[in-house]
Amino acid sequence: MQSDFKIHINNNLSILKEGKLLIAISGGIDSVVLAHLCSQMELQFSLAHCNFNLRAEESQKDEAFVVSLAEELGVEVFIQHFDTEVYAKTHKCSIQMAARELRYDWFKELAKQLKFDYILTAHHADDNLETFLINFTRGTGLNGLTGIPMVNNNIVRPLLPFSRRQIETFVKDHKITWREDASNASRKYLRNKLRHDVVPILKEINPQLLDSFQNTLQHLNDTAVIVEEQLSAFKKQAIVSEDHLGTTYKIAAFKAVKNQRAYLFEIFKNYGFTEWNDVEDLLEAQSGKLVKSNSHRLIKHREFLILTDFCHSEQNQKSILIHEAVREIETPIGKLSFNMVKALGDVSNTTIFVDKATLKFPLELRLWKAGDVFQPIGMTGKKKVSKYLKDEKVSLIEKEHTWVLCSENKIVWLIGKRADDRFKVTEYTKKTLKVSVV
């Protein structure tokens, strides 16, 4: 395995030979073998060990073993302790997910602070097969069946071509010690059930299972490239706009393809949607209909689908008071500026001119709300903001992000849309105030 590993690095991962590496090490057989192989190749690396405090005394023994291994290999070691159970409870996730999030967040922060080029993990061919089977049993698209990537940004998995049997043989031949995690034998977790009960049967049916699996993965990855190229071309035709409010797609683009459901799935699968019948029904639904996931919404607006997330901070929803001395202020919708001018200029969606004498400070900037009324400039009567937005055929997303500038609860400007007639500049105006947002 040692010579095969060297050939693999030279041919496929030569980036590691000159890089500063951080090996994620648990003390288990896989990560220990990875550390020894990198040491034998004289790669420049350090070790990083997470103590999740989940196995009482055994967790402390794992940590002590890793420290001892670092001394043996003559490399630096970083240790981090986590209260994993508290994190899992706070974030409402499983212990396994909590441990995963904690370790990868720490690895990435460590790499950033100490300028490690790559983070190495010890996933191997059997792990890849198990991940494939997990995704298969839970239901997935093509991407869930293409396996663990060998290189994913700065995460590198050098052992992916090697099997668990090869790793065990290497340990035996070189008399290497490691720490055994008793939880690996438990059938409590799906991965372990597959590892101990399913995969052995598959290998009995096909002794060359891992080789066949690697060939299948190669075909699936080749197909995935073709699909991605087609999706990229489709997006260029379908996407109308992308901004802070979301991404807008032409419904006609989906209707023009043979399998619109497949395109909907591939375009929106990463946003948490599960009710694909409902998503497809949006293409024929009335304007305003929507489908929600835990993180996003897909909204039908006239001849478009608008994808938006739920990430609106409370700060961005609060009103802002603007005092008379203010000339510029940063707001959730951009920089709002107030300047005295001698003459009127061009009025636009981003600029209005008002008679300063009609204003009562402080002004208030806030989101519009139900019951708001204003007098659109050029009109003699008042109109509800809700009715104005409906008449303008404004989308639900844009409605939710419509702000108003107010003086004593009177709307001065429906920002980006219409000024109020009561504050306009007239022949009697002595001080003209230019209000702009950029």
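Listed values, structure above:
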read-out: Pair list, Cβ under 6 Å, 6 or more apart: segment 253-265 residue farther than 21 Å from Thr140 by Cα, other residue open to solvent by 80 Å² or more (accessible area, probe 1.4 Å); value: Ala253/Gln237
read-out: So Phe273, is it open to solvent by less than 30 Å² (accessible area, probe 1.4 Å) and either assigned to a loop (DSSP other than H, G, I, E, B) or among the polar types (S, T, N, Q) (or both); value: yes
read-out: Residue within segment 349-361 that is within 23 Å of His401 (Cβ to Cβ) and either touching a Pro at 6+ places or on another chain (Cβ under 8 Å) or among the small types (Gly, Ala, Ser) (or both) present; value: no
read-out: Meets criteria (touching a residue at least 24 places away in the same chain (Cβ under 8 Å), of a type in the set (Val, Ile, Thr) and more than 17 Å from Phe423 (Cα to Cα)) for Ile377; value: no
read-out: Subset of segment 334-347 [surrounded by fewer than 11 Cβ atoms within 10 Å (Cβ to Cβ) and either in contact with a strand residue (DSSP E or B) (Cβ under 9 Å, 6 or more places away or on another chain) or in contact (Cβ under 8 Å) with a residue 12 or more places away in the chain (or both)]; value: Met340, Lys342, Ala343
read-out: Leu365 among the aliphatic types (A, V, I, L, M), surrounded by 15 or more Cβ atoms within 10 Å (Cβ to Cβ) and within 20 Å of Arg327 (Cβ to Cβ); value: yes
read-out: Of all residues in segment 378-402 being farther than 21 Å from Thr248 by Cα and touching a Leu at 6+ places or on another chain (Cβ under 9 Å), the one that is surrounded by the fewest Cβ atoms within 10 Å (Cβ to Cβ); value: Tyr388
read-out: Candidate set from segment 238-270 (those that are charged (D, E, K, R) and buried (at least 16 other Cβ atoms within 10 Å of the Cβ)); member that is nearest to the chain's Cα centre (by Cα); value: Lys269
read-out: Search result, residues across segment 53-68 that are touching a Ser or Thr at 6+ places or on another chain (Cβ under 9 Å) and under 22 Å from Leu114 (Cα atoms); value: Val66
read-out: Residue check for Leu13: of a type in the set (A, V, I, L, M) and closer than 26 Å to Ser183 by Cβ; value: no
read-out: Matching residues in segment 175-187 - criterion: being more than 19 Å from Glu58 (Cα to Cα) and open to solvent by 50 Å² or more (accessible area, probe 1.4 Å); value: Lys175, Arg187
read-out: Hey, Ile329 in a strand (DSSP E or B), over 30 Å from Tyr249 (Cα atoms), within 34 Å of the chain's Cα centre (by Cα) and not polar (S, T, N, Q) or not; value: yes
read-out: Total residues in segment 199-215, condition surrounded by 15 or more Cβ atoms within 10 Å (Cβ to Cβ) and either part of a loop (DSSP other than H, G, I, E, B) or not aromatic (Phe, Trp, Tyr) (or both); value: 6
read-out: Qualifying residue in segment 279-302 (condition: under 18 Å from Thr402 (Cα atoms), among the hydroxyl-bearing types (Ser, Thr, Tyr) and either out of contact with any His (no Cβ under 7 Å at 6 or more places or on another chain) or part of a helix (DSSP H, G or I) (or both)); value: no
read-out: Tally, over segment 304-323, of residues that are modelled with pLDDT of 95 or more and in a loop (DSSP other than H, G, I, E, B); value: 1
read-out: Filter result (touching a residue at least 24 places away in the same chain (Cβ under 8 Å), open to solvent by 10 Å² or more (accessible area, probe 1.4 Å) and not aliphatic (A, V, I, L, M)) within segment 1-35; value: Gln2, Asp4, Lys6, His8, Asn12, Lys17, Lys20, Ser26, Gly28, Asp30
read-out: Test: residue in segment 308-327 that is open to solvent by less than 40 Å² (accessible area, probe 1.4 Å) and not aliphatic (A, V, I, L, M); value: yes
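The values are calculated or read from the model by the stated rules, or taken from the named source; none is laboratory data. Fair warning: this is a prediction, and the values are worked out from it, not measured in the lab. Cβ: placed from backbone, ideal geometry, glycine included. Neighbour counts: every protein chain shown. Only protein heavy atoms, including side chains, enter the accessible area calculation; ligands, DNA and RNA are left aside. Shrake-Rupley method; radii C 1.70, N 1.55, O 1.52, S 1.80 Å.
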